[in-house]
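A.B. asks: Submitted below is the structure of interest, expressed as structure tokens.
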Amino acid sequence: MNKGKSFLKSLIFTGNWNYENMQGSGFRLLLEDINKANDLNIDEKQIAKQSEYFNTHPFLVTFILGVWFKEFLKEGQPDYFKKVYSSALAALGDSFFWHSLRPISFIIAALFGLINPIFGVILYLLIFNFFHFSFLYIGFDMGFFMGKEVISWFNRIKFNKWSGYADFITAFLLGLLLSLGLKKYGLETINYYFTATCFLLVGFVIAKKLDVLFSLILVVLACFVMLVTKGG
């Protein structure tokens, strides 16, 4: 199998996402490509069936693809495990990549952005895509090697706890960013530290109850008002 080609195609497998089958068309595309590249001669009806409803986290799809082929060659139940792992990995992926990795990558980038904004943007892309590309690249091999037991690999690396660790680090770094930001713009007074801390706590509460992005927008707007008031 040409891992490089499959890896690149996995980056765009959600290109035909739709409300009818979600990512089903993309999964069929990846499966067809591997089938042709390895002359597996999978029945056309079996391949066509893969266009049915399918939804998982796009960064973990290659794990499911590997499990599918492993179980198919063992004459097991590939579609059953495809369904089981699509839900499990969707939950794990959303928790880590969307809700934890993006914020921590942003905060680290913002810290370095105080020194050089361009470097901050580059650093964000490097941190986020390191995990993104790494999981996509090793996914098929891990899924194919371990088959239906692939979930034990996620348990072994305690992947379900990565989000919690990242959230603690993010909270610490956000406080550091707040302090450095106030210092850089000459707002080192008790009143500003207290006000900024209140904004930060409100942001945490909103993030837990509503949406991380929404809370970030509110906190940024509040800080903007604070700076405008100081300038006035």
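A.B. asks: Of 49/158; 45/148; 45/74; 36/82; 9/45, which pairs sit farther than 26 Å apart, going by alpha carbon to alpha carbon? Write out the running numbers ahead of the final one.
C.D. replies: On the way: 49/158 33 Å; 45/148 23 Å; 45/74 18 Å; 36/82 20 Å; 9/45 22 Å.
Violating the 26 Å limit, Cα to Cα: 49/158.
A.B. asks: Follow-up. First measure r as the distance between the Cβ atoms of residue 169 and residue 11, then evaluate 1/(1 + (r/R0)^6) with R0 = 30 Å and state the FRET efficiency to the nearest 0.05. All intermediate terms of the calculation are to be shown ahead of the outcome.
C.D. replies: On the way: r = 27 Å, r/R0 = 0.91.
The computed FRET efficiency comes out at 0.65.
A.B. asks: Now for a different question. Using the basic label-point model (7 angstrom from Cα toward the beta carbon), what is the residue 74 to residue 122 distance in nanometres?
C.D. replies: In this crude spin-label approximation the distance works out to 4.6 nm.
A.B. asks: Moving to a separate point now. Report, ordered by chain and residue number, the aspartates and glutamates lying within cross-link reach of residue 3, taken as a straight Cα distance under 12 Å and ignoring same-chain residues fewer than 8 apart.
C.D. replies: Cα-Cα hits under 12 Å: 33, 141.
A.B. asks: Please compute the length gained on full extension between residue 40 and residue 161, using 0.36 nm multiplied by the number of residues separating them and subtracting their Cα-Cα distance.
C.D. replies: Working: separation 121, 0.36 × 121 = 43.56 nm, distance 3.77 nm.
Gain on extension, residue 40 to residue 161, equals 39.8 nm.
A.B. asks: Step through the residues of segment 3-9 one at a time and calculate ³J(HN,Hα) from phi using the Karplus curve (6.51 cos²θ - 1.76 cosθ + 1.60, θ = phi - 60°), rounding each to whole Hz and writing x for Gly and Pro.
C.D. replies: Here the 3J(HN,Hα) series is 5, x, 5, 5, 4, 5, 5 Hz.
A.B. asks: Give me the net charge of residue 87's neighbourhood, meaning all other residues with Cβ under 15 Å from the Cβ of residue 87; Lys, Arg count +1, Asp, Glu -1.
C.D. replies: Around residue 87, the surrounding residues sum to 0.
A.B. asks: So what is the orientation-averaged projected area of segment 33-122, using the convex hull of its C-alpha atoms, in nm²?
C.D. replies: Working: hull surface 31.0 nm².
Reported value for the Cα convex hull: 7.8 nm².
A.B. asks: Sorted by mean Cβ packing within 10 Å, highest first, what order do the peptides 63-74, 134-145, 112-123 take?
C.D. replies: 63-74, 134-145, 112-123
A.B. asks: Going by the alpha-carbon gyration tensor, a ≥ b ≥ c the square roots of its eigenvalues, is segment 1-85 rounded (a/c under 1.5) or, if a/c is not under 1.5, prolate (a/b greater than b/c) versus oblate?
C.D. replies: Note, shape of segment 1-85 comes out rounded.
Laboratory data are not the source of any read-out in this text; all were calculated from the coordinates shown. Keep in mind that this is a model prediction, so the values were computed, not measured. Cβ atoms come from the backbone with ideal geometry, glycine included; neighbour counts cover every protein chain shown.
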